[in-house]
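For reference, the structure is listed below as structure tokens.
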Amino acid sequence: MKRKYIIVLLWCLWACLLIVATICINNHINNKRYKLYTELKESVADLFDGQDGELLDGFFFKCYSDEPVRNYKLIDIPQRPTGIDVLLDSRKTENWLNSYSNLVSLYELNWKCDHYPCQYDDGWNIGRICHGYDDDDIIKTSVLFPYQVGFVKNEKNTNYSIEEAVDNAFVFYSTDTNSQFTDRFREWSYYGIWSKIFDCCNLYYVIVENKEYNGWLIGDPIDYTETNSSIPWGSTTEEWEEWEKTMEAEKQARRLSPINVGGMTNGCYRVFIATTQEKHYKIRENEWAVKEDRNKLLIWWGLGLTLLFFSVIMPLMFIERKSKKRKSETLYQRLCRLCNPKEFMQNYDKVRVDKANTIYQSLMNTNPDDKETLMEIQDVAVSELGVTLIDMEEVKELKEKVNPKRFLNPYNAEKVALANELYAILSKEGLTYNEFIEVEERAKTLL
């Protein structure tokens with residue numbers, strides 16, 4: 001195969017391998033993404049094996065406890081619902097009877113601050129963490145905390161302090177078998193389980209808060225005032241717009257407010273428990289890490305393949321360029337190159353250097369178009385210096401051009417005869433440069 005075709009083939013192979021490498025790298029990255037994503041999900045799921053419960057799902061962890069209850073205040077006991085409230089929601093009466101009907105005093109704990117629950121001011125917090133299974137909801141978390149303490153009139157005249165009531169409530173929820181989630185209360189700290197969750201993250205995937213899912217609309221909010229939801233007919237456009245803004249603000253407040261989830265009572269007091277709205281966490285792909293990993297592989301593989309092929313292609317291109325240059329040489333140029341005294345300096349030979357110097361001097365004084373003189377100088381160069389003006393690669397290429405087989409299909413008798421004659425000349429021993437030039441000129445009629 002000709003060298004130039006080999007070079008073209010190598011360039012094509014290089015381009016194809018770059019494309020194949022890109023496809024393989026993308027497949028590798030996608031497989032790695034799937035593997036790391038699956039590992040993260042399975043690792044998180046293992047942390048919550050057996051989490052499902054009848055009432056509240058997930059596990060429960062101590063955020064803090066045994067902290068002093070501070071800054072509580074006496075508040076009014078809510079009045080029994082009447083009128084339209086009862087008609088709209090009959091459960092309000094039932095909830096009031098279960099929660100407030102037998103209370104003689106009610107205290108609110110100091111949980112209202114910039115963020116709730118207000119840490120270390122309400123006695124204890126219990127964090128709930130649930131495995132959500134869905135990509136955008138893989139972790140759900142909320143915090144349970146006491147927010148009110150009510151005392152019941154009792155015949156035994158047993159006196160409890162607010163601090164004792166709150167502490168006993170924590171013991172009940174964390175250890176008492178009558179608690180609805182004692183069997184899923186874990187001794188790990190709330191922050192310890194989060195550390196284990198974040199340890200499941202990897203190079204490509206992390207767990208982050210999904211604020212689009214945060215909050216809910218179910219339950220009884222404990223920290224917002226319901227506004228009048230009706231507006232008289234015939235109101236102006238401005239009044240309607242103001243009413244809509246008020247309703248939207250109420251909806252937002254209800255969505256963000258903690259909700260009541262019952263309480264703990266022992267006949268002498270009742271500790272009211274609330275839970276914060278759920279926070280949701282999702283799996284997020286680190287796109288920059290995936291892109292960086294992919295680009296690094298593409299660069300290294302592309303650079304490696306390019307250097308490998310360039311180490312092969314560039315020498316071939318240099319040789320091909322040199323060969324083309326020699327093919328385009330005139331007899332004068334070829335003699336100047338072959339008879340230059342420097343060609344005989346590497347393996348120094350004084351006699352040949354002297355002869356080459358004489359011949360080279362003659363060339364410098366000869367007109368490049370003087371074919372007769374150049375032929376004489378050629379004969380001297382061949383006989384005295386032993387140089388070979390015929391390039392065997394050129395002979396090989398010329399033999400391919402004048403091969404009689406090329407003119408058998410379609411058959412051309414004249415061209416076959418001429419090709420056969422020229423091919424015989426090129427195949428004989430002792431081919432001279434003049435004969436080669438003659439064949440080269442006559443071969444032009446075959447093309």
Checklist entry - Restricting attention to the range 253-304, which residues are free of Cβ contacts under 8 Å to residues at least 12 places away in the same chain and in contact with a Ser or Thr (Cβ under 9 Å, 6 or more places away or on another chain)? => result 262
Checklist entry - Applying the selection to the range 419-434, what residues are more than 24 Å from residue 371 (Cβ to Cβ) and either crowded, with 16+ Cβ neighbours inside 10 Å or assigned by TED's automatic domain parsing to the domain that holds residue 371 (or both)? => result 419, 423
Checklist entry - Looking at residue 365, is it in the same structural domain as residue 436 (by TED's automatic domain parsing), out of contact with any His (no Cβ under 9 Å at 6 or more places or on another chain) and more than 19 Å from residue 436 (Cα to Cα)? => result no
Item to check | Flag for residue 357 being outside the structural domain of residue 431 (by TED's automatic domain parsing) and either in contact with a Gly (Cβ under 6 Å, 6 or more places away or on another chain) or outside any helix (DSSP H, G or I) (or both) | outcome: no
Next on the checklist: Can you find, within the range 150-175, the residue that is modelled with the lowest pLDDT among those that are surrounded by 13 or more Cβ atoms within 10 Å (Cβ to Cβ) and either part of a loop (DSSP other than H, G, I, E, B) or of a type in the set (Phe, Trp, Tyr) (or both)?
Outcome noted: 154
Checklist outcome for this item: If we keep only residues of the range 398-418 that are without any contact (Cβ under 8 Å) to a residue 12 or more places away in the chain and either in contact with a strand residue (DSSP E or B) (Cβ under 9 Å, 6 or more places away or on another chain) or of a type in the set (S, T, N, Q) (or both), then the residue surrounded by the fewest Cβ atoms within 10 Å (Cβ to Cβ) is 409
Next on the checklist: For the range 232-254, check the following and say yes or no: at least one residue is modelled with pLDDT of 80 or more, outside any strand (DSSP E or B) and surrounded by 11 or more Cβ atoms within 10 Å (Cβ to Cβ).
Outcome noted: no
Checklist entry - Considering only residues of the range 275-310 that are out of contact with any Leu (no Cβ under 7 Å at 6 or more places or on another chain) and in a strand (DSSP E or B), which is farthest from residue 98 (Cα to Cα)? => result 285
Next on the checklist: Looking only at the range 1-41, filter to residues that are surrounded by 12 or more Cβ atoms within 10 Å (Cβ to Cβ) and among the polar types (S, T, N, Q); which one of those is farthest from residue 135 (Cα to Cα)?
Outcome noted: 22
Checklist entry - Restricting attention to the range 106-115, does a residue exist that is at pLDDT 70 or above, under 24 Å from residue 266 (Cα atoms), buried (at least 21 other Cβ atoms within 10 Å of the Cβ) and under 44 Å from the mean Cα position of the chain (by Cα)? => result yes
Checklist outcome for this item: Output for Cβ contacts, cut-off 6 Å, separation at least six or different chains, first residue outside the structural domain of residue 126 (by TED's automatic domain parsing) in the range 189-214, second basic (Lys, Arg), reads none
Checklist outcome for this item: Expected single match for assigned to a loop (DSSP other than H, G, I, E, B) and touching a residue at least 40 places away in the same chain (Cβ under 8 Å) among 395, 387 is 387
Item to check | Qualifying positions in the range 266-283 - modelled with pLDDT under 90 and farther than 28 Å from residue 194 by Cα | outcome: 266, 267, 268
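Here is a yes/no grid of residues against (1) over 60 Å from the mean Cα position of the chain (by Cα); (2) under 25 Å from residue 332 (Cα atoms); (3) not hydroxyl-bearing (Ser, Thr, Tyr):
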{"residue": "370", "(1), (2), (3)": "yes, yes, yes"}
{"residue": "378", "(1), (2), (3)": "yes, yes, yes"}
{"residue": "394", "(1), (2), (3)": "no, yes, yes"}
{"residue": "409", "(1), (2), (3)": "no, no, yes"}
{"residue": "414", "(1), (2), (3)": "yes, no, yes"}
{"residue": "421", "(1), (2), (3)": "yes, no, yes"}
{"residue": "428", "(1), (2), (3)": "yes, no, yes"}
{"residue": "446", "(1), (2), (3)": "yes, no, yes"}
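The values are calculated or read from the model by the stated rules, or taken from the named source; none is laboratory data. These numbers were taken from a predicted model, which means no experiment stands behind them. Cβ atoms come from the backbone with ideal geometry, glycine included; neighbour counts cover every protein chain shown.
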